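Have a look at the structure below before the remarks.
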Amino acid sequence: MSILVVGSVAFDTVETPFGKAEKVLGGSASFFSVAASFFAPVSLVGVVGDDFGEKELAAFRGRDIDVSGLERMDGKTFHWRGKYSYDLNARETVCTDLNVFEFFKPKIPAAYRESRHVFLGNIDPVLQLDVLAQVEKPEIVACDTMNFWISGKPEELRKTLERVDVLLINDAEARQLSGEWNVVKAARAIRAMGPRTLVLKKGEHGVLMFSDAGSFAAPAYPLEDVFDPTGAGDTFAGGFLGYLAGAGDVDEPTLRKAVIMGSTLASFCVEAFSLDRLLRLTRPEIDDRFRLFKRLTHFETL
Ligand code: AMP
């Protein structure tokens, strides 16, 4: 059974201290799909304009990604422009041209409605809830959101969160959503809103997962070359949910391995612009780095 992902498919223009990329493939659903497809089949639901051609679609071809739910509308594809300073954890959104994304009403094809794993990318919480109304009882619903929705549609977001199993957000978003500065208190408040599991992303400082069993921390992999952090969060989500779908389990040891797999995939994403590194990635490279993660934090007690 495939993983259903609903989210943005975009052109990104990104500037970092190390270079610039113009109108390259981006969007939450793109990063998620390619990362998750290493572990399980993926069904992508999104929208693109008539400027999205074969060159861009090639990223999804030859992988286990079904794009029959990728709608095409007259007009231009969603375009996001972002800029990073040397502090790669802080990014500035220079502009967001919604284009056809403004009219996005996710229609889940009949063949995807029984998906056991669903990823709700960062879109309007009303649309996220609408997606959940179109699917039969999934085993795991994972969800991303952002400050724009937390402050703009708080009631709607609360309704969506009641139906979410795993929420993946950054620490600033967790503070904003809960009204708590301390992340442990924030996690308790957010878990009471619905998500049994909360994954707090802290960029180059790694992630913290809060679940029924307590908390689990994973560092970001120490890399010599970090080029562009765009998409790292969605790539993490793809590795995380892909791993869970492949494992077919959600006990604590599996959740922990999923966090490390998410971190592994995200560490490759940031090594190049757009999806460039992910598209060259091989399964043996993933498995090697997954093992290095174990060595990174392993220590013996006396
Ligand atoms: P991430 O770095 O994982 O948070 O995600 C970056 C991706 O999110 C980029 O490829 C953008 O195209 C996409 N993105 C940026 N802003 C939005 C938005 N408002 N809605 C949906 N996707 C967005």
Residue within the range 255-267 that is away from the ligand (no atom under 16 Å from the Cβ), modelled with pLDDT of 95 or more, over 25 Å from residue 6 (Cβ atoms) and outside any helix (DSSP H, G or I) present: no
Answer from 118, 135, 141, 164 - the residue that is touching a residue at least 12 places away in the same chain (Cβ under 8 Å) and farther than 17 Å from residue 36 by Cβ: 164
Subset tally (residues that are buried (at least 24 other Cβ atoms within 10 Å of the Cβ), within 15 Å of residue 231 (Cα to Cα) and either of a type in the set (A, V, I, L, M) or away from the ligand (no atom under 14 Å from the Cβ) (or both)) for the range 7-51: 8
Boolean, residue 203 is under 16 Å from residue 290 (Cα atoms) and either of a type in the set (Ser, Thr, Tyr) or touching a Leu at 6+ places or on another chain (Cβ under 9 Å) (or both): no
Meets criteria (assigned to a helix (DSSP H, G or I), under 26 Å from residue 61 (Cβ atoms) and in contact (Cβ under 8 Å) with a residue 24 or more places away in the chain) for residue 293: no
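Every residue, every condition in (1) within 17 Å of the chain's Cα centre (by Cα); (2) within 13 Å of the ligand (Cβ to nearest atom), yes or no:
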residue: 210; (1), (2): no, no
residue: 213; (1), (2): no, no
residue: 217; (1), (2): no, no
residue: 222; (1), (2): no, no
residue: 225; (1), (2): no, no
residue: 229; (1), (2): yes, yes
residue: 234; (1), (2): yes, yes
residue: 243; (1), (2): yes, no
residue: 247; (1), (2): no, no
Residues within the range 198-226 that are under 15 Å from residue 252 (Cβ atoms), among the small types (Gly, Ala, Ser) and assigned to a loop (DSSP other than H, G, I, E, B), tallied: 1
Residue check for residue 208: over 30 Å from residue 79 (Cβ atoms) and either among the aromatic types (Phe, Trp, Tyr) or without any contact (Cβ under 8 Å) to a residue 60 or more places away in the chain (or both): yes
Residue 69 more than 15 Å from residue 234 (Cβ to Cβ), surrounded by 16 or more Cβ atoms within 10 Å (Cβ to Cβ) and either at pLDDT 95 or above or within 12 Å of the ligand (Cβ to nearest atom) (or both): yes
Where a residue in the range 87-111 is touching a residue at least 12 places away in the same chain (Cβ under 8 Å) and aliphatic (A, V, I, L, M) and its partner, wherever it lies, is loosely packed, with under 12 Cβ neighbours inside 10 Å and not in a helix (DSSP H, G or I), with Cβ under 9 Å and at least six apart: 88/17; 100/74; 111/68
Scan of the range 73-128 for residues that are within 12 Å of the ligand (Cβ to nearest atom), among the β-branched types (Val, Ile, Thr) and in a loop (DSSP other than H, G, I, E, B), ordered by number: 77, 123
Checking residue 215 against (1) without any contact (Cβ under 8 Å) to a residue 40 or more places away in the chain; (2) surrounded by 19 or more Cβ atoms within 10 Å (Cβ to Cβ); (3) farther than 22 Å from residue 35 by Cβ, the condition it does not meet: (2)
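The values are calculated or read from the model by the stated rules, or taken from the named source; none is laboratory data. It should be emphasised that the depicted structure is a prediction, and the values quoted were computed from it without experimental measurement. Backbone-built Cβ (ideal geometry, glycine too); neighbour counts: all protein chains shown.
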